[in-house]
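For reference, the structure is listed below as structure tokens.
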Amino acid sequence: MKLAIVSSKPQTTRTSVQGVLTEPELGQIVFVDTPGIHKSDSVFNQRMMRTVRASLANLDAVVYVVDARREIDDEQRQAMDVLQNVEVPVILALNKIDKIPKKEKLIALLSDYQQIREFTAYIPISAANGDQVDVLKNEIFKHLPEGEPIFPEDHVTDQPSRFIAAEMIREKLLDSTEQEVPHSVAVFVEKWEETPNIIRVTATIFVEKEGQKAIVIGQGGAMIKKIGTEARLELEKFFEQKFYLELFVKVRPNWRENIEFLNELDWRKMIGGDTTSEK
């Protein structure tokens, strides 16, 4: 089950997303997926970095996930600077090893990371095909304290349904639009109505410029229709229920600098609809 959206665009994750894995034989892991560490050049980005730092407090272990295809750059060095003051075990997970034909490159990258920082463990993985994921999971369990589970077995996330729906819409938008659009897009679920047979959702996609609005709508409405169809299918798969999804696009200039608007986008404000803590 996918709880956090993914895309090839940087800074896809904008807030902390909690996911809970419970295995009766091993225990319970509460994962907290945070925004990526990046330069804080706007009020919005500064909020994301505060979320990262807050999430690093009171943890039992940290998993730093990197793309094994990329050489170490300023972004990775900045991330490791943030991790320098973390006192709990930090595990380095090198993802996408299925995309690396020559393992010598992977060995060289591991050596480069070792020279910058000593990690508790170095685990190459492929999230796509599951290679070594169990090794990573077992390594995490090694560093968790013994105790009673925090959540019931069927609890999977702290995110409300409206937030999950907004994120799924944003994911499909990221997959379909050009580079200039992603950072300038926000999605807010305005209405969530449940009936026995269908869930009706109305959502607004906010952009910063008229040109971006035209891109999101597309010629003859083709792009917004594509985004809506793909998001609806994803929602029906996740919630196991039929959806009717209505999308609107509005221009909100400089929304990333608007504190009042950013407060409204906070997932904690998206009340209404069932929470998705149980599946």
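Just so it is clear, none of the values below were taken in a lab; they were calculated from the coordinates. It should be emphasised that the depicted structure is a prediction, and the values quoted were computed from it without experimental measurement. Don't worry about glycine lacking a Cβ; one is built from the backbone with ideal geometry, like all the others, and counts go over all protein chains shown.
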Nearby aspartates and glutamates by direct alpha-carbon distance to LYS103 (threshold 15 angstrom, same-chain neighbours under 8 apart not counted): ASP67, GLU71, ASP112, ASP131
Projected label distance in nm at GLU153 and GLU71, using a 7 Å step from Cα toward the beta-carbon: 5.0
Extension gain from GLU210 to ALA127, taking 0.36 nm per residue of separation minus the Cα-Cα distance: 26.1 nm
Backbone HN-Hα couplings from phi across the stretch 107-120 [Karplus 6.51/-1.76/1.60, Hz, Gly and Pro as x]: 4, 5, 5, 4, 4, 4, 5, 4, 6, 8, 7, 8, 9, 5
Sites matching GluC sites (Glu not before Pro) across the stretch 53-158 that sit in DSSP coil, with at most 16 neighbouring C-beta atoms within 10 Å: GLU71, GLU87, GLU118, GLU146, GLU153
Förster-model FRET efficiency, 45 Å R0, GLU194 and LEU106, C-beta, rounded to 0.05: 0.40
